[in-house]
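The values are calculated or read from the model by the stated rules, or taken from the named source; none is laboratory data. Because the structure is a prediction, the values reported are computed rather than measured. Cβ placement follows ideal geometry from the backbone for every residue including glycine, while neighbour counts extend to all protein chains displayed. We work out accessible area using only protein heavy atoms, side chains counted, and drop any ligands, DNA or RNA first. Shrake-Rupley method; radii C 1.70, N 1.55, O 1.52, S 1.80 Å.
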Amino acid sequence: MKPIGYWLNRTDQALTRQMNDMLDGVGLTRIAWQVLNVIQDTPRVADTEVRATLSANADIPTLTAAIDAVLVEGWATRPAPNRLSLTPEGSQRLARVVERVDMFRKRATAGISQDEYGTAVRVLERMTRNLEAPTDAVRGQ
């Protein structure tokens, strides 16, 4: 059996590749779609907040490029310096992307029950917390 790190890397690469392919038809990438979701969830969000929220997903240059891309493509606008909001057209376009994303998620989780999915997420979350905690905290468990 291959170790978990192997499967985590393969899964992330497959998710990114397939989602990028699926979103290409609407002019987005996986990370740009994630940026748009942060903007949608927090109108007038600061660029720094977007980067902080998505810091586990990409490095700063990649996030900055994604922010620039959604601005150039008209998905988002700057209502104030260093602030982001969806444009009315961006909101409408993003609503249409939801159907594609739902189909993508169904494909990615085919044959996986809700319980299995929940268990996988909880295990990965626990592993992450273990590895991010100070070494003494993990030993003391």
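Here region 73-89 is the region considered, the condition is being in a loop (DSSP other than H, G, I, E, B), in contact (Cβ under 8 Å) with a residue 12 or more places away in the chain and closer than 14 Å to residue 48 by Cα, and the residue that is least open to solvent (accessible area, probe 1.4 Å) is 80.
Which of the residues spanning region 10-35 are out of contact with any Ser or Thr (no Cβ under 8 Å at 6 or more places or on another chain), under 16 Å from residue 90 (Cβ atoms) and touching a residue at least 60 places away in the same chain (Cβ under 8 Å)? Passing the criteria: 26, 28, 33.
Determine, yes or no, whether residue 70 is β-branched (Val, Ile, Thr), open to solvent by 50 Å² or more (accessible area, probe 1.4 Å), in a helix (DSSP H, G or I) and farther than 30 Å from residue 131 by Cα. Let's see the steps before the verdict.
On the way: β-branched (Val, Ile, Thr): yes; open to solvent by 50 Å² or more (accessible area, probe 1.4 Å): no; in a helix (DSSP H, G or I): yes; farther than 30 Å from residue 131 by Cα: yes.
For residue 70, the condition - β-branched (Val, Ile, Thr), open to solvent by 50 Å² or more (accessible area, probe 1.4 Å), in a helix (DSSP H, G or I) and farther than 30 Å from residue 131 by Cα - is not met.
Can you give me the number of residues within region 90-101 that are under 17 Å from the mean Cα position of the chain (by Cα) and either at pLDDT 95 or above or surrounded by 14 or more Cβ atoms within 10 Å (Cβ to Cβ) (or both)? Residues meeting the conditions: 4. Screening residue 35 against (1) surrounded by fewer than 16 Cβ atoms within 10 Å (Cβ to Cβ); (2) among the aliphatic types (A, V, I, L, M); (3) modelled with pLDDT of 95 or more leaves a single unmet condition, (1). Scanning region 49-67 for residues that are of a type in the set (A, V, I, L, M) and part of a helix (DSSP H, G or I), we see that the one that is nearest to residue 32 (Cα to Cα) is 66.
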